[in-house]
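Each remark here refers to the structure printed beneath this line.
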Amino acid sequence: MLIDLRSDTVTRPTHEMREAMHSTTVGDDVFGEDPAINTLENLAANMFGMENALFCPSGTMTNQIAIKCHTQPGDEVICDELSHVYQYEGGGIAFNSGASVKLLQGDRGRITASLVNTGIQPDDVHRPVSRLVVLENTANRGGGSCYEWTDIQEIELLCRQKGLSLHLDGARLFNALVAKGQTPEDYGKTFDSISICLSKGLGAPVGSLLLGKKDFIKRARRFRKVLGGGMRQAGSLAAAGTYALQHHVSRLKKDHENARAIEKALLEKPFVKEVLPVETNIVIAETVEGFDLTGFIEKMKASGILFFAISSNRFRMVTHLDIDDNMMNKLSEVLKNID
Ligand code: TLP
């Protein structure tokens with residue numbers, strides 16, 4: 001039995017999801033003629049009360065297209081220093097948009113209106129032009145931390161006052177909605193654009209959606225083509241995404257329970273100094289000084305348990321659809337016997 005906690009991206013489509021993929025009708029999406037993709041885009045746009053949606057191959061692409069649409073070269077993007085858009089998208093903000101980045105030191109990947117305010121550049125020819133704020137919810141490197149709704153509202157208000165656009169990297173937004181009891185409609189009313197991933201906690205094999213106003217998505221569709229992301233008969237992938245949105249949202253609470261159980265088990269280990277408070281499906285733990293993290297990861301791997309170090313003294317475990325109770329029991333047994 002392999003227990004793969006490296007990421008929630010590793011899930012494989014369930015039998016029912018494969019059935020949905022198999023039985024769908026497809027067409028050429030670059031011509032706007034794939035019925036399954038049109039269905040998925042409409043479903044997501046309606047869910048969030050937003051005008052339109054665009055199906056893309058990845059969350060990196062939806063984020064990068066959004067940043068491209070919101071900015072001009074020389075503009076500045078404001079985000080937390082741990083943000084995926086800055087840390088893990090290959091320098092795409094510079095590469096694709098020619099924009100610079102103002103990094104803020106938030107709390108576990110989350111920023112506040114007052115922090116954003118400190119990051120806004122004065123109107124001065126020497127400075128880049130502050131143009132866009134990007135939030136990430138849940139915050140991956142914050143250990144799956146979630147925003148309080150009031151904090152988001154304050155940031156939105158500031159953006160409106162200062163003429164900044166507001167984008168959400170919602171790769172794991174559904175985890176946040178389930179954990180916090182928030183609604184997609186509230187997010188749809190608040191953000192100028194939202195990226196959601198179908199291929200993480202929701203368990204689809206591929207795909208992300210970019211949501212926004214009609215004109216915005218029209219421009220986004222053009223950039224998707226420029227980046228080579230126009231996918232033709234990709235309706236089977238979209239059918240998996242539709243199935244995921246319809247059947248895999250409420251079950252995320254099970255992943256959150258499993259993550260909390262892992263947190264509890266890790267806190268009992270003397271080599272664990274700290275676990276970032278677990279709010280959703282990501283567990284990030286810090287080890288005590290001098291601990292052989294590489295050796296620990298190797299030993300766990302030998303017992304069939306996979307996960308990554310994210311720095312010399314921190315590791316990450318992510319729960320998901322393919323982690324069942326048997327695996328959780330085995331993980332707990334293995335952990336008990338390891339020092
Ligand atoms: N995150 C992956 C890795 O890239 C780190 C993971 O295993 O967690 N936004 C956030 C917050 C993400 O965590 C990710 C993927 C993305 C965007 C990008 O999604 P994809 O992989 O579809 O490009």
How far apart, in nm, are the 7 Å Cα→Cβ label points at residue 154 and residue 310? 2.4
Just order 313-322, 293-302, 256-265 by mean Cβ neighbour count inside 10 Å, highest at the front, would you? 313-322, 256-265, 293-302
Would you mind classifying segment 209-250 by shape? Square roots of the alpha carbon gyration tensor eigenvalues, ordered a ≥ b ≥ c; an a/c under 1.5 is rounded, otherwise it is prolate if a/b is larger than b/c and oblate if not. oblate
Suppose each label sits 7 Å from its Cα in the direction of the beta carbon; what would the residue 6-residue 25 distance come out to in nanometres? 3.9
Cross-link pairs 68/162; 180/218; 200/330 - those with Cα-Cα distance over 29 Å: 180/218
What whole number of Å gives the distance from the Cα centroid of segment 112-163 to the Cα centroid of segment 215-276? 23
Cα-based radius of gyration of segment 13-247 once divided by 2.2 N^0.38 Å, which approximates compact folds: 0.98
Students often forget the sequence filter, so: which aspartates and glutamates lie under 17 Å Cα-Cα from residue 254 once same-chain residues fewer than 8 apart are removed? 4, 8, 263, 279, 322, 324, 325
Average Cα contact separation per residue, segment 13-247, under 8 Å, 6 or more apart, as relative contact order %: 32
With every protein chain kept in place and a 1.4 Å probe, the chain has an accessible area per residue in Å² of 43
Calculate, in nm to one decimal, what residue 180 and residue 250 gain on full extension: separation in residues at 0.36 nm each, minus their alpha carbon distance. 24.0 nm
Segment 1-140 - convex hull of alpha carbons, volume per residue in Å³: 163
How much length, in nm to one decimal, is gained on full extension between residue 33 and residue 271, taken as 0.36 nm per residue of separation minus their Cα-Cα distance? 80.1 nm
Ordering 114-120, 49-55 by per-residue average of other C-beta atoms within 10 angstrom, highest first, gives 49-55, 114-120
Between residue 225 and residue 107, what is the spin-label point distance in nm, taking each point 7 Å from the Cα along the Cα→C-beta axis? 4.6
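The values are calculated or read from the model by the stated rules, or taken from the named source; none is laboratory data. Not measured: the values here are computed from a predicted model. Neighbour counts run over all protein chains shown; Cβ positions are idealised from the backbone, glycine included. Protein only, heavy atoms only, side chains kept; ligands, DNA and RNA dropped before computing areas. Shrake-Rupley method; radii C 1.70, N 1.55, O 1.52, S 1.80 Å.
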